[in-house]
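The values are calculated or read from the model by the stated rules, or taken from the named source; none is laboratory data. The structure displayed is predicted, hence computed values, not measured ones. Cβ coordinates were reconstructed from backbone atoms using ideal geometry, including for glycine residues, and neighbour counts include every protein chain displayed. The area values use the complete protein model at the heavy-atom level, side chains included, leaving out ligands, DNA and RNA. Shrake-Rupley method; radii C 1.70, N 1.55, O 1.52, S 1.80 Å.
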Amino acid sequence: RREPEGTVLYRIVQSEWATAQSLLAHRERHIPRFCRREVEGFLRCGILAHGFARVFCEDCRCDEVVAFSCKGRGFCPSCGTRRMVDTAAFLVDKVIPDEAPVRQWVLSLPYRVRFVCAHDPAALAAVRRILVRAIAGYYERTAAHLGKPRPRAGAVAFVQRFDSALRLNVHFHVLWLDGVYSHQLERIGVEWCEHEQVTDADVALLVRRVRDRVRRKLRQLGKWPEDGD
């Protein structure tokens, strides 16, 4: 049986969580509900006292108990790893074409935008759409300039909420097919067109493009934090 109560991470969170809540309450600071849900779920994950399933093998006649998991998306090492492995296998087996190389794009956010996205799902979704559209446009415009008809890019985007030190750090990891699929109306099927090179100048242009669009969108939504906030 997995024994999370024996790990350093579990012992630290278990011993300091109540103290952290008391200190923040004393300072009149609010802990978001999703943060409390993730931490409290992690403290129950894999602990038999919080529920388990009894498993019986008819072949070897053995009994085992399996503790319930939190299935969290935050920082639980067990559930996060299981979800990551399952998702990776699904993408490799069912989604990403064999002939297409994949490039990872990462968007890190400044603090003022990071905190808005952490507490506002609508703002988070808007920033993700801007990122995907900006890079898709980059791939498709490059292919169109090379004479490729009707180019279409593809990507899978993931939101990460924590960094390696468990600090709140909302950022995006996006897996892009490093190229486009091209299609001519009079022909059956599609053609794969690999992207030749991504330069530093391309990345700098995309950063400026995403920055300006995010700022403009958050202002339209009334969620852009002003300097005094």
- Among (1) at pLDDT 90 or above; (2) farther than 30 Å from residue 48 by Cβ, where does residue 89 come up short? (2)
- Item | Counted residues, the range 132-151 - those being open to solvent by 40 Å² or more (accessible area, probe 1.4 Å) and in a helix (DSSP H, G or I) | 7
- Query: Which residues, taken from the range 173-224, are β-branched (Val, Ile, Thr) and farther than 20 Å from residue 95 by Cβ?
  - Reply: 188, 198, 199, 203, 207, 210, 214
- Message: Quick test of your reading of the structure: residue 73 fulfils all but one of (1) basic (Lys, Arg); (2) within 28 Å of residue 42 (Cβ to Cβ); (3) exposed (fewer than 13 other Cβ atoms within 10 Å of the Cβ). Name the failing condition by number.
- Response: (3)
- Task: Would you check which residues across the range 46-69 are in contact with a His (Cβ under 9 Å, 6 or more places away or on another chain) and either touching a residue at least 60 places away in the same chain (Cβ under 8 Å) or open to solvent by less than 40 Å² (accessible area, probe 1.4 Å) (or both) and list them?
- Result: 67
- Query: Can you tell me which residue in the range 99-131 is surrounded by the fewest Cβ atoms within 10 Å (Cβ to Cβ), limited to those that are closer than 18 Å to residue 222 by Cα and of a type in the set (Phe, Trp, Tyr)?
  - Reply: 111
- Task: Kindly indicate whether any position in the range 33-42 is aliphatic (A, V, I, L, M), closer than 14 Å to residue 79 by Cβ and either in contact with an Asp or Glu (Cβ under 7 Å, 6 or more places away or on another chain) or in contact (Cβ under 8 Å) with a residue 40 or more places away in the chain (or both).
- Result: no
- Query: Restricting attention to the range 53-105, which residues are part of a strand (DSSP E or B) and under 30 Å from residue 197 (Cβ atoms)?
  - Reply: 102, 103, 104, 105
- Item | Subset of the range 8-29 (residues that are open to solvent by 100 Å² or more (accessible area, probe 1.4 Å) and either over 20 Å from residue 41 (Cβ atoms) or assigned to a loop (DSSP other than H, G, I, E, B) (or both)) | 26, 27, 28, 29
- Message: Within the range 113-131, does at least one residue satisfy the condition of being hydrophobic (A, V, I, L, M, F, W, C), closer than 18 Å to residue 101 by Cα and in contact (Cβ under 8 Å) with a residue 24 or more places away in the chain?
- Response: no
- Kindly indicate whether any position in the range 31-45 is part of a loop (DSSP other than H, G, I, E, B) and either open to solvent by 70 Å² or more (accessible area, probe 1.4 Å) or under 17 Å from residue 167 (Cα atoms) (or both). yes
- Message: Criterion first (on the phi < 0 side of the Ramachandran plot and of a type outside the set (Val, Ile, Thr)) does residue 61 satisfy it?
- Response: no
